[in-house]
Ligand code: ADP
Ligand code: MG
């Protein structure tokens, strides 16, 4: 489903991804953890070419891309395979909650408005915000805005959803409602890669946990293996600090 092989990325002289190999099976949820600056965001951004990788192969669904040499058509095809949820919700401020969700359906998928609205209404219901459909983002809490962001990512029905610390900018009391929505989506066999600091959430929801440091995958395995019985001293140290 998702296969990454030998992915490398430098910013000038700084090596940020130093040969990353990842496999995510269809329907799996993978949690990526690791210290700040270890390359987690860059990895997700390389997967949908928001950042241009220097080297390596990325396969998502049927689309395979060689980072060294690809056409614009291949890049667009790869981008369509994933939807991204960011730390900051990136909603259109001048559009209502429902309009935000259906925007990609109208623009990218060229869906008719009535059909897009139907899809959007089902999704806003799924994230528990049907009663806020006509609200503008500014009138929603951070947690509600992020749930709309997640519904928008679901709307495009891509092969996989990439979430980069989706709860990090939320007040603590709003984190739970967003994690709950992500958990429900994970249970529906959506393929997901989520960068998170929420260890309890990773333990509960992820099929696989990947620990990254300094542009490397240091350790990966089941949540129990990585979070409860880490083998690498670096992982142990990180987990002790994150309690
Ligand atoms: P993480 O998400 O794990 O905190 P990032 O992927 O954001 O890490 O960053 C990894 C490293 O790459 C950091 O040292 C960061 O400063 C650097 N970096 C990230 N984006 C850029 C950029 N656009 N230009 C230069 N350096 C960057
Ligand atoms: Mg990051």
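Read-outs throughout are calculated quantities, based only on the coordinates presented, and are distinct from any laboratory measurement. Everything numeric in this text was worked out from a predicted model, so none of it was measured. When we count neighbours, we look across all protein chains shown, and the Cβ atoms used for this are built from the backbone with ideal geometry, even at glycine.
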With bins of 5 Å, the percent of all Cα-Cα pairs of region 108-226 per bin from 0 is 2, 10, 20, 21, 19, 14, 7, 5, 3, 0
Quick check: from the Cα gyration tensor, does region 170-209 come out rounded (a/c under 1.5), prolate or oblate? oblate
Measure nothing fancy, just the Cα-based angle from helix 97-107's long axis to the longest principal axis of the chain, in degrees from 0 to 90, nearest 10. 80 degrees
Which order do 197, 131, 57 fall in if you start with the one that has the fewest other Cβ atoms within 10 Å? 131, 197, 57
What shape does region 56-168 take by its C-alpha gyration tensor, where a ≥ b ≥ c are the square roots of the eigenvalues and a/c under 1.5 counts as rounded, a/b above b/c as prolate, and the rest as oblate? prolate
Give the percent of DSSP beta bridges with both residues in the chain that are antiparallel, rounded to the nearest 5. 60 percent
Do me a favour and compute the ellipsoid semi-axes for the chain from its Cα gyration tensor, root of five times each eigenvalue, largest one first, whole Å. 29, 23, 15
Taking alpha-carbon centroids only, region 145-200 lies from region 207-243 a number of Å equal to 21 Å
Can you give the angle from 0 to 90° between the axis of helix 172-187 and the longest principal axis of the chain, with both taken from C-alpha atoms, to the nearest 10? 90 degrees
Any idea what angle helix 142-155 forms with the longest principal axis of the chain, computed on alpha-carbon atoms, 0 to 90 degrees, nearest 10? 90 degrees
Checked region 85-138 with the C-alpha gyration tensor, a ≥ b ≥ c its square-rooted eigenvalues, rounded below a/c of 1.5, otherwise prolate if a/b is larger than b/c and oblate if not; verdict oblate
